[in-house]
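The values are calculated or read from the model by the stated rules, or taken from the named source; none is laboratory data. Just so we're clear, the structure is a prediction, and the values are computed from it rather than from any experiment. Cβ atoms come from the backbone with ideal geometry, glycine included; neighbour counts cover every protein chain shown. When the accessible area is computed, the model is the full protein with side chains, heavy atoms only, and any ligands, DNA or RNA have been set aside. Shrake-Rupley method; radii C 1.70, N 1.55, O 1.52, S 1.80 Å.
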Amino acid sequence: MEKELIINASSSDVEIALLEGGKLVELHSQKKNTNFTVGDIFLGKVNRLMPGLNAAFVDIGHKKDAFLHYTDLSPKLKSVLKFTKDSISGKLASHTLENFEIEPEIIKTGKVDEVLDKRQPILVQILKEPIGTKGPRLSCEITIPGHLLVLSPFTDVVAVSKKVSNGEERKRLKRIIESIKPKNFGVIVRTAAEGKNAQELHEELSAMMGKWEHIHQQLYKQRPPAKILSELDKTTSLLRDLMSDSFNRIVVNDKELFYNIKTYMGNNNPQKSKIVQLHRGNRPVYDAFGVTRQIKSSFSRTPTMKSGAYIVIEHTEAMHVIDVNSGQKLTSSNQEDAVLSVNLESAEEIARQLRLRDIGGIIIIDFIDMRNADNKKKLVTSMRRMMKKDRAQHTILSLSKFGLMQITRQRVRPEVKINTAEVCPSCNGTGKINASILVTDQIERDLNFILQSHPKGKLTLKVHPYVEAYFKKGFPNQLMRWWFAHQKWIRVESNSDFQLIEYRFFDENADEIRLRRITQTIKDNHKKSDNRRPK
């Protein structure tokens, strides 16, 4: 499936849309002055120990102390603390861990106050961005990600992604990494490394070791809180994680960002650098590639699918609930087949919505009830297949006896919420309009006012088709009455886009006559005549 990345950069933020097969599946936004991104590494200071929660609150410079639970401390916590302390004091001269003595692992069932002290400096990594009133969530299991590999200090484990299914390829990659990796450093081989040679893997490993050296240098005589290593910006981190042969276009509307991406692609994936394009059109880049339209249709409370079926997404404090509805149209006379078809289509749309909105936590889906056990299995299998494209960790349970499906999905950043509703042009958001029976009286008053200020020239009135029909009905009709009253023919035209009580006047040049502008002109004329009067 072809993938496209459409990037809309402004003075304050960068918006990134990921399209798969022309469909919008992910939407990311990053403020240019943001200080906290998932993956950033900080030198923090333990502010409070909470034995009841088995967690610590750490100061990393955010207005809210960051949360560090015991389960996120990493088994190698003692080694992390020792490395941090010795790097700050200058006792550890080299960033390599060849002569570094690895400390014993902490136990899984331990207590936080047994391994951490108040005001202790600690090296941490952002696990989740600040969400709502909560501060960032931290981890002490430091990792440095790359496009092909992930570097993990203080361990010797070499692991290969499960998505690399070929047994011989897995053995080859593991053999290469074991031969080139430094001592006391673990490496995770990502799916993108499949088919890469030893030189390419070694180059990336050397680049990641350079980042580790930077961490060591930054720690020297550093005082917490301080940012030690910043994750890549959102655009390049997405390219690092997503870039594959299926990408066929990256479009960006900012020259500086265009050259940055071009440079990054040239250094990391030269054969793909040609797909980077600078948007030069007059239309906004999101409009030109249909992203704006997809955002408007996808972020409503009830996204609708091609068949006419739709889903309803509701949010509560504890979970998200999704209801599947068939709408008015069923394509098959067999009810069970029709219901299966709607459920399968809905499963694809729900999987897209979870990625697009970045919905995390507990998700309950109420599919349309099915009696056939095989159809239920097909639905669960289809849902799991659709969710394979989702990079967030998730678990999908089978349908319950009530026909409900439960999904848990990792949440690392605030959910994407976009209000696509527009203010009603009839009621201006109040929910009420003036009595429709009075619209002809309003038109009559405005017409009299306009004819006093514009007695000459042709005049056209545009109204809703129902109002036009009312004005032209009978003999004599309203147009004739206006002719007798003002000795002027008023042309009336219908516009089906108008609301029932909406109307507009236009002059002979087809320019709209605005009553506010006329009122101001009359006021100005009065002022001029007053100034000419003798004092």
Handout entry: Placed amide H near Gln120: partners under 5 Å, 5+ positions off or other chain
Key = Val46
Practice task
Using θ = phi - 60° and the Karplus relation 6.51 cos²θ - 1.76 cosθ + 1.60, list the HN-Hα couplings for the range 312-321 in order, rounded to whole Hz, with x at every Gly or Pro.
Solution key: 10, 10, 10, 10, 10, 5, 9, 7, 10, 10
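For the range 306-368, what is one quarter of the convex hull surface built on the Cα atoms, given in nm²?
Values: hull surface 16.9 nm².
Computed as one quarter of the Cα hull surface, the answer is 4.2 nm².
Counting Lys and Arg as +1 and Asp and Glu as -1, each charge on the Cβ, what is the dipole of the chain about the Cα centre in debye, to the nearest 20?
Working: 86 positive and 64 negative charges, 250 e Å.
Dipole about the Cα centre, nearest 20: 1200 debye.
State which stretch of the chain is the longest one without any exposed GluC sites (Glu not before Pro), exposure meaning a DSSP loop state and at most 10 other Cβ atoms within 10 Å. Walk me through the intermediate numbers first.
Details: sites that count: Glu98, Glu101, Glu317, Glu422.
Value returned for the longest uninterrupted segment is 102-316.
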Exercise for the section: Take the Cα radius of gyration of the range 145-254 and divide it by 2.2 N^0.38 Å, with N its residue count; two decimals is plenty. Expected result: 1.21
Problem - Label point 7 Å beyond Cα of Val157 along Cβ direction - residues of the range 190-232 with amide nitrogen under 18 Å - result: 190-191
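Over all distinct alpha-carbon pairs, what is the Kirkwood Rh of the range 1-103 in angstrom? Before the final figure, lay out the partial values.
On the way: mean 1/r = 0.0565 Å⁻¹.
For the range 1-103, inverting the mean 1/r across all distinct Cα pairs yields 17.7 Å.
According to the Cα gyration tensor, what semi-axes, each the square root of 5 times an eigenvalue, does the equivalent ellipsoid of the range 150-215 have, listed from largest to smallest in whole Å? Kindly include the intermediate steps, with their values, before the conclusion.
Details: eigenvalues 81, 30, 20 Å².
Equivalent-ellipsoid dimensions as semi-axes: 20, 12, 10 Å.
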Practice task
Have a look at Thr381, Ala56, Leu404 and report the one farthest towards the positive end of the charge dipole of the chain, computed about the Cα centre with Cβ charges (Lys/Arg +1, Asp/Glu -1).
Solution key: Ala56
Fill in the blank from the handout: Within the chain, the percent of DSSP beta bridges that are antiparallel, given to the nearest 5, stands at 75
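With the full set of protein chains in place, find how many percent of the accessible area of the chain is carbon and sulfur; take the probe as 1.4 Å. Display every interim value, and only then the final one.
Numbers: 14740 of 30320 Å².
About 49 percent, which is the carbon plus sulfur part of the accessible surface.
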Handout entry: Helix 77-89 vs. the chain, principal-axis angle (Cα, 0 to 90°, nearest 10)
Key = 90
Completion exercise
Packing-ranked peptide list from 62-70, 267-275, highest mean Cβ count within 10 angstrom first, is 62-70, 267-275
Practice task
Could you list, in their original order, any pairs among Lys3/Lys389; Lys296/Lys378; Lys162/Lys377; Lys108/Lys221; Lys162/Lys389 whose Cα atoms are separated by more than 22 Å?
Solution key: Lys296/Lys378; Lys162/Lys377; Lys108/Lys221
Completion exercise
the range 488-503 scanned against label point 7 Å out from Cys424 along Cα→C-beta; backbone N under 17 Å for 498-503
Handout entry: Probe 1.4 Å, protein heavy atoms only - accessible area per residue of the chain in square angstrom
Key = 57
Completion exercise
the range 249-317, Kirkwood Rh and Cα Rg, ratio Rg/Rh at 1.18
Exercise for the section: Using the Karplus curve 6.51 cos²θ - 1.76 cosθ + 1.60 with θ = phi - 60°, work out ³J(HN,Hα) for each residue of the range 495-512 in order, rounded to whole Hz, and write x for Gly and Pro. Expected result: 9, 5, 7, 6, 6, 4, 9, 8, 8, 8, 9, 10, 8, 5, 8, 6, 8, 5
Practice task
Rounded to the nearest Å, what's the spacing between the alpha carbon centres of the range 369-392 and the range 277-297? Just the number, please.
Solution key: 33
Exercise for the section: Taking the chain as the reference, fit the longest principal axis to its C-alpha atoms, fit the long axis of helix 255-268 to the helix C-alpha atoms, and give the angle between the two in degrees, 0 to 90, nearest 10. Expected result: 30
Exercise for the section: Could you pull the Rg and Dmax for the range 289-395, using just the Cα atoms, both in Å? Expected result: 14.0, 42
Practice task
Quick one: what are the phi-derived ³J(HN,Hα) couplings along the range 116-129, Karplus 6.51/-1.76/1.60 with θ = phi - 60°, whole Hz, x for glycine and proline?
Solution key: 10, 10, 5, 6, 6, x, 8, 8, 10, 10, 5, 9, 9, 5
Exercise for the section: Treating the angle as unsigned and between 0 and 90°, give the value, to the nearest 10°, between the Cα long axis of helix 515-532 and the longest Cα principal axis of the chain. Expected result: 60
Handout entry: Heavy-atom SASA rank of Phe247, Phe475 (probe 1.4 Å, accessible area, largest first)
Key = Phe475, Phe247
Fill in the blank from the handout: Under 5 Å from the placed amide H of Gly146, counting only residues 5+ away or on other chains, we find Leu151
Problem - Kirkwood estimate for the range 52-93, i.e. one over the average of 1/r between Cα atoms, Å - result: 12.0
Practice task
Consider a paramagnetic label point 7 Å from the Cα of Leu344 along Cα→Cβ; state which residues of the range 388-413 have an amide N under 12 Å from it.
Solution key: none
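Treat the chain as a sphere of radius equal to its Kirkwood radius over Cα pairs and apply Stokes-Einstein at 37 °C in a medium of 0.692 mPa s; give the translational diffusion coefficient in µm²/s, rounded to a whole number.
Details: Rh = 28.9 Å.
Translational diffusion coefficient: 114 µm²/s.
Can you tell me the convex hull volume per residue for the range 187-318, based on C-alpha atoms, in Å³ to the nearest whole number?
Cα convex hull per residue, to the nearest whole number: 230 Å³.
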Completion exercise
Taking r as the C-beta separation of Trp483 and Leu438 and R0 as 25 Å, the FRET efficiency to the nearest 0.05 is 0.60
